[in-house]
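J.: To start, I am sharing the structure in question, which I have written as structure tokens.
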Amino acid sequence: MKMVNVADKPINSDVRNLGKRGISRHVNPLPNEGDDGLFTQSWFPICFSDEVRPGEVLGKPFLDGRVVIFRGENGKVNVTSAYCPHVGADLAVGQVVGNNIQCAFHGWEYDETGQCTKAFPGQKPPPKACLFAYPVTERYGLVWVFNGEEPLWEIPTFDQKNEEDLVIRTFKHEPAYECDPWVFCCNTLDFQHLITMHGIDVPREALKSALHKEVRWNEWGFDYDVSTEHQGGVSLDWTLGIRGTTIYRQQGMYDGFWFGYMAVFEMPRPGQHIVYNVFAVEKVDDTPEGRALEEQRLKIASDLEIRTIEEDRAVLDTIRMAPGHLLNVDKSLGKFYEHLRKYPRAHPGADFIK
């Protein structure tokens, strides 16, 4: 049998010219979390508020490293890098002393700003020994961390209603999804996906121009209104939107009652996110019948939204998003891709959390 050197064989011209014809899948890639050591500057939920009571400390993975969440005697919650700058012990093994976090290995202490305030007895704390302290806040029963030295924007509210008039419940949805949070966010402007995956009745004429004109862009995301029918002919009149790369917000009427919903995303590592579901319905009255109606509406809302995000799971767990050949109906989605490419990215805690 005659042996043929593959290198001597002519390359099929169709194969050779694939790139020239623009068939390559990675024509205009999007930055993944962690690319070049950077992450989007967004608010990330990291735990429930009641997971960290006064005097308690909790360690968790975050971005590409590890942090500790601790609450001092003053009730304030703090999130700092996890590793003691002395020799690197994990502060999650330590304890809260007053309003400080104390390392279990040698007793060094760090205050709310991350500065070392106490070293070994008789030794002065090194002035450069410090933790990285993240901006942190609490809302909707969650502890939130901002990836940056200062927050660039505030966590949104359900602005269609006064929050004192709402019943709000927050649930953790597991297991994690195997993609970055921004991938989930892209679904909100993927009108083809809303039709094919979720059965939302969007008129074809609206896909050409009307819906795109409805999108109200801002520096940190967008909102738009949609009035149509959902699965089974249920009427809906919603405002949908994204803030940053970690918050999906929806509010409006569904089958005759108002509810609000946020899907907010914890990120324990690049390429993965965990969803916390925040639900809100209007208070009825303080009677058994009123409370029962509130619970019924919360269940309708939670069943709907959990079913919806689970419809996406198989795709989200396997997708490797790389925008390629978009259609006219993808006009707003394409604009969101450009928004993501320009979105500010940073990693000020990089030298501390790993």
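J.: For Val202, which of the numbered conditions (1) assigned to a loop (DSSP other than H, G, I, E, B); (2) buried (at least 20 other Cβ atoms within 10 Å of the Cβ); (3) modelled with pLDDT under 95; (4) not charged (D, E, K, R) fails to hold?
T.: Condition not satisfied by Val202: (2).
J.: Residues being of a type in the set (Ser, Thr, Tyr) and surrounded by 18 or more Cβ atoms within 10 Å (Cβ to Cβ): count how many of those fall in region 117-156. Write out each step before concluding.
T.: Keep residues of region 117-156 that are of a type in the set (Ser, Thr, Tyr), which gives 117, 134, 137, 140.
Checking which are surrounded by 18 or more Cβ atoms within 10 Å (Cβ to Cβ) leaves us with 134, 140.
The total comes to 2.
J.: Just to be sure before I move on: is Ala82 surrounded by fewer than 24 Cβ atoms within 10 Å (Cβ to Cβ) and of a type in the set (Gly, Ala, Ser) in the structure I sent?
T.: Here the answer is no, as Ala82 does not meet what is asked.
J.: Go through (1) open to solvent by 40 Å² or more (accessible area, probe 1.4 Å); (2) under 29 Å from Arg169 (Cα atoms); (3) not in a loop (DSSP other than H, G, I, E, B) one by one and return the number of the condition Asn74 breaks.
T.: (3)
J.: Inspect all residues belonging to region 86-94 and state whether any of them is assigned to a strand (DSSP E or B), more than 22 Å from Glu149 (Cα to Cα), open to solvent by 30 Å² or more (accessible area, probe 1.4 Å) and β-branched (Val, Ile, Thr).
T.: no
J.: Name, by its number, the condition in (1) over 22 Å from Lys335 (Cα atoms); (2) modelled with pLDDT of 85 or more; (3) not in a helix (DSSP H, G or I) that does not hold for Asp36.
T.: Answer for Asp36: the failing condition is (3).
Results for (1) open to solvent by less than 50 Å² (accessible area, probe 1.4 Å); (2) in a strand (DSSP E or B); (3) not hydroxyl-bearing (Ser, Thr, Tyr), shown as yes or no for each residue.
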position: Met262; (1), (2), (3): yes, yes, yes
position: Met267; (1), (2), (3): yes, yes, yes
position: Asn277; (1), (2), (3): yes, yes, yes
position: Glu294; (1), (2), (3): yes, no, yes
position: Ile300; (1), (2), (3): no, no, yes
position: Val315; (1), (2), (3): no, no, yes
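J.: I would also like to ask the following. Of all residues being closer than 15 Å to Phe259 by Cα and of a type in the set (A, V, I, L, M) in region 227-244, which is most open to solvent (accessible area, probe 1.4 Å)? Just the residue, please.
T.: Val234
J.: Okay, next question. Based on what the data block shows, is Gly290 free of Cβ contacts under 8 Å to residues at least 40 places away in the same chain and open to solvent by less than 20 Å² (accessible area, probe 1.4 Å)?
T.: So Gly290 passes the test.
The values are calculated or read from the model by the stated rules, or taken from the named source; none is laboratory data. Predicted model, so just to flag it, every value in this text is computed and none were measured. Note: ideal-geometry Cβ built from the backbone for every residue, glycine included; neighbour counts use all protein chains shown. In case anyone asks, the SASA skips ligands and DNA or RNA and just uses the protein heavy atoms, side chains included. Shrake-Rupley method; radii C 1.70, N 1.55, O 1.52, S 1.80 Å.
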